[in-house]
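Single-structure report; data block below.
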């Protein structure tokens, strides 16, 4: 009886050898590295290998806390429901109660699309506020959209300053509801209708809208895709906080709708145009943050409408100038959130979940940047297989966590997933940018546009009164500034009421650092 050979006695090729026979010479190193990572993970989590546990405890706790917070946010986002217009009851306000106020200095190509959608929403009036220098150009451009309807009105102020321009539009408005809009905000067809629904409650003072990126060109650039991903996460956060405690960290200045009685408050108007950081650095951007804080501190409630019919499309810089935009927004966020959390402090009582999200964003650069430090330390200090295992586990965690954080974005734009590795790298760069922004909060300029008010003093008495001077004009209603010296020469009619102030407010602005 012949003996059968045992398995050990058979001269078989090793698995690795047979594998390498099918792989080209140039790919062997990659296969080896992958194999080492897999074997490393297996060894790393063997029961008898506990030397790495002290490393994973702090990193794991931080990661677990942030993951739990995100999952809670995601669940709240899924439970969120917008307020839907009802056909069974009459809403408190209609589109005829809305004035759109658009501050601008250089209407870009998106202005035409935006203006067409504003008109389609049938507001009572559209007030475009520009500078004296840009007035003829903007007037001619607006005339093409107005076509003799008188729906548009063009105003001007001496110097570019968004806050002053907004207040100039408020002064000239006559309706109960005001919509502040950027000149590139392209609204959906029923935008105003959906934005007015929350105002059925007399406690609501401001309403924010759903937003998405639209490319400046035929295709989105890498910068625009990164901006869109960030915007998707912001929309998820706004929906979740609105669902939990009704608050929002910021009613975005791209478009927000307010009650006019709030904007007509003399105290708000004075503080809005004269706000300073640390009492000496005049703020020209961050207007939306200021108005959101004002609602919180003065007892008004807010709402957020996330729905395709309450959607606006907006543009971002399609090149590296997007980083300038991002740096400006980041500085505004640091300044405003610090003020909300540690100076005003009312947000802790009224909107605690929003406050916790603000605090989480403040700590985010620390938790994000400390991760690679732990990873590098562990890779250097741990023997043989563990460096590959640690690196592999970190990569898997980063891709998994960022993927689920952008779940809403993948639903709309599945193919953007190819940018996920770049987005992960960009997050680390942004963490460094947040640290830099924190160290340069004294820089308050726009960086991406000319804001000549940074170098000038503005006398509000010269810009806060506007009247119609050409009632018979066929086209957009033209207005001009009326100073105290020329006021008596103008006939003020009941048809176009104006607001007069006995005591002009002077706004002193320091040069931007």
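Taken together, the values in this text are just the output of simple stated rules run on the coordinates, not laboratory data. Bear in mind that the values here come from a model prediction, so they are computed numbers and not experimental data. FYI the Cβ positions are ideal-geometry reconstructions off the backbone, even for glycines, and counts take in every protein chain you see.
Taking the mean number of other Cβ atoms within 10 Å as a proxy for protection, how do you rank 357-365, 240-248, 373-381 from highest to lowest? Before the final figure, lay out the partial values.
Details: 357-365: 16.6, 240-248: 21.4, 373-381: 14.1.
The densest-packed peptide leads the list: 240-248, 357-365, 373-381.
When a/c is below 1.5 the answer is rounded, else prolate if a/b is larger than b/c, else oblate, so apply that to region 178-305 with a ≥ b ≥ c taken from the square roots of the Cα gyration tensor eigenvalues.
Numbers: a/c = 1.76, a/b = 1.29, b/c = 1.37.
It comes out oblate by the Cα gyration axes.
For residue 399 paired with residue 120, estimate the spin-label separation in nm (one decimal), with each label point 7 Å from Cα along the Cα-to-Cβ line.
The modelled label-to-label distance comes out at 4.0 nm.
Would you mind pulling out the separation of the Cα centroids of region 86-101 and region 150-216, in Å?
Computed from Cα coordinates, the inter-centre distance equals 14 Å.
Roughly speaking, what is the stretch gain from residue 374 to residue 176, that is 0.36 nm per residue apart minus the C-alpha to C-alpha distance, in nm to one decimal?
On the way: separation 198, 0.36 × 198 = 71.28 nm, distance 5.58 nm.
Taking 0.36 nm per residue and subtracting the Cα distance, the gain is 65.7 nm.
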